[in-house]
Amino acid sequence: MLSFNEICKILEQKAPFVLVDKVLEIDKGKRIVAVKNVSGGELFSALHFPGNSVYPGILILESIAQTASILFSDSIDKDISTENQFLALGGIQRFQFLKVVRPGDTLIIEVEIIKGTLQMALTKVSVKMGDTIIGEGQMSFGVVKDGK
């Protein structure tokens with residue numbers, strides 16, 4: 001299990017754009033389960049359908065991508081140099097949103113690596129609220145060299 005502070009040390013994104021609150025399970029190189037608590041205090045709540053807030057789908061996708069990034073960072077052999085590079089979202093395949101997410105909801109994000117190399121990964125992803133699937137599909141990621 002990883003806390004929010006541990007997640008912040010792993011991700012390139014910085015608060016308030018860290019969209020994963022904790023990691024419940026991690027099976028190195030295979031699978032991860034994380035949590036995103038959707039709050040009415042987040043900026044989207046006042047702007048995305050005021051008075052009838054809906055958590056934007058793009059932020060759900062970003063939460064999944066950040067969860068995948070945590071899995072990938074844990075999966076890389078520490079002997080392999082990853083300096084000046086990071087894994088970025090490459091594509092979204094057959095993803096469906098099945099239910100609306102609102103402030104107060106808790107998302108359980110699961111990412112499983114279907115196929116992976118040192119340069120790319122194809123994942124099966126799902127997002128649940130309790131036992132209800134609210135989104136699922138596949139996402140691919142590829143290595144990007146940092147421009148610094």
Mind checking which residues of the stretch 115-148 are over 20 Å from residue 63 (Cβ atoms) and surrounded by fewer than 16 Cβ atoms within 10 Å (Cβ to Cβ)? 115, 117, 118, 119, 120, 145, 146, 147, 148
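Please determine whether any residue of the stretch 12-21 is over 19 Å from residue 97 (Cβ atoms) and touching a residue at least 60 places away in the same chain (Cβ under 8 Å).
yes
Residue under question is residue 117, and the condition is that it be hydroxyl-bearing (Ser, Thr, Tyr) and at pLDDT 95 or above; does it hold?
When the stated conditions are applied, residue 117 does not pass them.
Kindly indicate whether any position in the stretch 3-11 is among the polar types (S, T, N, Q) and touching a residue at least 40 places away in the same chain (Cβ under 8 Å).
Step one: filter the stretch 3-11 for residues among the polar types (S, T, N, Q), giving 3, 5.
Restricting the remaining residues to those that are touching a residue at least 40 places away in the same chain (Cβ under 8 Å) gives none.
Checked against the condition, which is being among the polar types (S, T, N, Q) and touching a residue at least 40 places away in the same chain (Cβ under 8 Å), the stretch 3-11 yields no hits at all.
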Can you pull out every residue in the stretch 94-114 that is modelled with pLDDT under 95 and more than 24 Å from residue 43 (Cα to Cα)? 94
Exception for residue 34 within (1) of a type outside the set (Phe, Trp, Tyr); (2) closer than 18 Å to residue 143 by Cα; (3) in contact (Cβ under 8 Å) with a residue 40 or more places away in the chain; (4) out of contact with any Phe, Trp or Tyr (no Cβ under 9 Å at 6 or more places or on another chain) falls at (2)
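The values are calculated or read from the model by the stated rules, or taken from the named source; none is laboratory data. Owing to the predicted nature of the structure, the values given are computational and were not obtained by experimental measurement. When we count neighbours, we look across all protein chains shown, and the Cβ atoms used for this are built from the backbone with ideal geometry, even at glycine.
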